[in-house]
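Below: one structure, written as structure tokens.
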Amino acid sequence: MKASFAFRIWVSLLGWGVALAMFFPVAWMVLTSFKTEIDAVATPPLLFFHPTLENYAQVNQLGDYAGAVWNSIAISFGSTALGIALAMPAAYAMAFFPNRWTKDLLLWILSTKMMPAVGVLMPIYLISKSTGLLDTKTGLIAIMTLANLPIIVWMLYTFFKEIPGDIIEASRMDGAGALAQIRIVLLPLAGPGIASTGLLAVILSWNEAFWSLNLTAVHAAPLTAFIVAFSSPQGLFWAKLSAASTLAVAPILVFGWMTQRQLVRGLTFGAVK
Amino acid sequence: MSATQTLVPHRNAKLMRTWPLLTPVVFVLLVWAIVPLVMTLWFSFQRYNLVDPTITGFAGVDNYKFLLEDPAMLAALFNEVVLVGSVLAITIVFGVAFAILFDQEFWGRSVARLLVIAPFFVMPTVSALIWKNLLMNPVSGVFAWITTKLGFGAIDWFTNYPMAGIVIIVAWQWIPFATLILLTAMQSLDREQMEAARMDAARGPQLLRFVILPHLARPISILLMIETIFLLAVFAEIFITTSGGPGDATTTLTYLIYLRALVNFDVGGASAGGVLAIILANIIAFFLVRTIARNVDI
């Protein structure tokens, strides 16, 4: 059906109205990050002002911002790499060599994701404390790996399922072992799928707030926790807060935009395609 | 045996030993799923407080009794239901509307879509801080300025309407997720079926009721369950905006357990609450896993 011109104009206006309204808080944060602290709290709110980069230059003066960035990178990429390394052989086995337990196994893996974090807060806190893993990157990497593992396994599994089994079989006939099959056949074919699984896992652990807030203090605080800490003094730090937040959010927003379609697959466990 | 063979794409599958490949994942997830759960159960029957080592011993069901008789508990359950229920309702309504809207062709649609889904990728602590300090602040916030212009005066959200404030923030984060999933589902709606319905002079509301909503029923039910699992766990938004207050106006079950655990260090009480949270989440999880099991061909 060819929509009428007038209809298209109305839909465009409505669509853009909705888009801008939803994006407004993010846009306002970015705008505020270029204001002076005085402009940031001006009434009426300023849409036009002399932009300054001062907040970005000073972001590190409010604490160890660079340290928090490094913690976020180490935790999210570390846990993702570990998660994929663990999940890849399992997803490969279940996708190409299913047996009568495969479905139950997959559903059990999925069910481990349903455990509410707060339900096991006390034991995890106490275990972390007694093993000296409280407020360490290692501790948080371990938790994020385990928390995201079910999603990683499922996503990899659905991507692997799309590869014709014959290709794997052929390479097996040629004498390739499991690891060689993964390296020579699977990686090139499922590369994009593995990449988007990795991106989603990075996004999830970068933005994770429950464990980050409760298990870190000074040393291992990633950006999610760090930004809370430096907003607590009720001073006029909102322009700096906005600059710090903008930097923390920007890379993940780009990742999110890149991986939006696969995200549906990953977070609905393949049930919505 | 024959059923197995139709599932198995390779004749020699049985020759492939898969357990070495599966063991690492199964082992770590087994430990992750069982050890903390057993510990929570164990602690929930103990007198155990980290700040008072004189409190020891077996508590029987005292922690549960205390928990269930605590008026804060009832309030927390009520708040949890209000928060989760409101956000679910808002995200489904807006999600369906936005999915239909962004399924239409219009100028710059792909860019507009990116803007709509953006909030989902903003870390929860940053979302809460932006809304609290830049938008909902009663003195310098954008909303205060707008409501004053409109003649309502400045609203101090987190003092007067704390739960509504949190619901707005959380809904803003989850509408993009609902939109994205329902939009994906919309795109699998058969265009010819839509056309046929249109030819039969089905107008907007009829199209919605007889074609679009039935098609979206399954994705919506999946969405409801997944969102519920995540929304029961909402923490950072409350932690940052109201810390559960004023009074216990925004203390949900999750937040109450956190307070018992890491503010009062009441291991026994927090664990009893934890068991309750696990049971609640598992009721939803049961239906979610069952639905996914039906929908995914393995």
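Coordinate-derived values only; no laboratory data. Computed from a prediction, not measured in an experiment: that's the story for all the values here. Neighbour counts are summed over all protein chains in view; Cβ atoms, including those assigned to glycine, are modelled from backbone coordinates with ideal geometry.
Within the same chain, lysines fewer than 8 places from residue A:103 are excluded, and of the rest, those with a Cα less than 23 Å from its Cα are A:113, A:161, A:273, B:14.
Can you give me the span-like helices of chain B, meaning DSSP H runs with 27 Å or more of Cα extent along the axis and Kyte-Doolittle mean at or above 1.0? The answer, listed by residue number, is B:19-43, B:71-103, B:162-187, B:267-295.
For segment B:172-298, just say rounded, prolate or oblate: build the C-alpha gyration tensor, square-root its eigenvalues into a ≥ b ≥ c, call rounded for a/c under 1.5, and beyond that prolate if a/b exceeds b/c, oblate if not. The partial results should precede the final answer.
Numbers: a/c = 4.05, a/b = 2.30, b/c = 1.76.
In terms of gyration-tensor shape, prolate.
Working note: Karplus 6.51/-1.76/1.60 with θ = phi - 60° gives segment A:80-94 the couplings 5, 4, 5, x, 5, 4, 6, 7, 4, x, 5, 5, 4, 4, 6 Hz, where Gly and Pro are set to x. Where only DSSP H runs of four or more residues are counted, chain A gives -22500 deg cm²/dmol as its mean residue ellipticity at 222 nm, each run worth -39500 (n - 2.57).
Under a point-charge model restricted to the Cβ atoms of Lys and Arg (+1) and Asp and Glu (-1), what is the dipole moment magnitude of the protein assembly as shown relative to its Cα centre, in debye to the nearest 20?
Details: 32 positive and 28 negative charges, 263 e Å.
Result for the protein assembly as shown is approximately 1260 debye, rounded to the nearest 20.
For segment B:84-229, the calculated P(r) over all alpha carbon pairs, in 5 Å bins from 0 to the bin holding the longest distance, is 2, 9, 15, 17, 16, 14, 11, 8, 5, 3, 1, 0 percent.
Amide H contacts of residue B:245: B:250, each under 5 Å away and 5 or more positions distant or on a separate chain (H built 1.01 Å from N in the peptide plane; Pro and chain starts excluded). The calculated FRET efficiency for residue B:105 paired with residue A:162, based on their beta-carbon distance and R0 = 45 Å, is about 0.95.
Quick check: from the Cα gyration tensor, does segment B:49-126 come out rounded (a/c under 1.5), prolate or oblate? Cα axes put segment B:49-126 in the prolate bin.
Around the amide H of residue B:46, modelled in the peptide plane, lie the amide H atoms of B:59, all under 5 Å away and 5 or more residues distant in sequence or on another chain.
Inter-label distance, residue A:48 to residue B:41: 6.8 nm, where each label sits 7 Å from its Cα along the C-beta direction. Positive-end ranking of A:40, A:246, A:59 along the dipole of chain A, with charges on Cβ about the Cα centre, is headed by A:246.
Can you compute the FRET efficiency between residue B:146 and residue A:104 using 1/(1 + (r/R0)^6), with r the Cβ-Cβ distance and R0 = 60 Å? Round to the nearest 0.05. Before the final figure, lay out the partial values.
Numbers: r = 54 Å, r/R0 = 0.90.
Between residue B:146 and residue A:104 the formula returns 0.65.
Taking a straight line from the alpha carbon of residue A:35, these aspartates and glutamates sit under 19 Å away, with near neighbours fewer than eight places off in the same chain left out: A:54. Quick note on chain A: its Rg to Rh ratio, both from C-alpha atoms and Rh being the Kirkwood radius, is 1.06. Only Lys, Arg, Asp and Glu carry charge here, each on its Cβ (+1 for the first two, -1 for the last two); on that basis segment A:127-193 has a dipole of about 300 debye about its Cα centre. Legend: mean number of C-beta atoms from other chains within 10 angstrom of residue C-beta atoms, peptide B:98-107, equals 5. Remark on segment B:11-295: ratio of C-alpha radius of gyration to 2.2 N^0.38 Å is 1.25. Shape call for segment A:166-261 from the C-alpha gyration tensor, a ≥ b ≥ c root eigenvalues: rounded (a/c under 1.5), prolate (a/b greater than b/c) or oblate? It is prolate, given that a/c is not under 1.5 and a/b is the larger ratio.
When the helix-only estimate is applied to chain B (DSSP H runs of n ≥ 4, each -39,500 (n - 2.57), divided by the residue count), what is the mean residue ellipticity at 222 nm, nearest 500 deg cm²/dmol?
Rounded to the nearest 500, it is -21000 deg cm²/dmol.
Nothing charged except the Cβ atoms of Lys and Arg (+1) and of Asp and Glu (-1): what's the magnitude of the dipole of chain B about its Cα centre? Round to the nearest 20 debye. Write out the running numbers ahead of the final one.
Details: 17 positive and 17 negative charges, 164 e Å.
In debye, rounded to 20, chain B gives about 780.
Averaging 1/r over every pair of different alpha carbons in the protein assembly as shown and inverting the result gives a Kirkwood radius of 25.4 Å.
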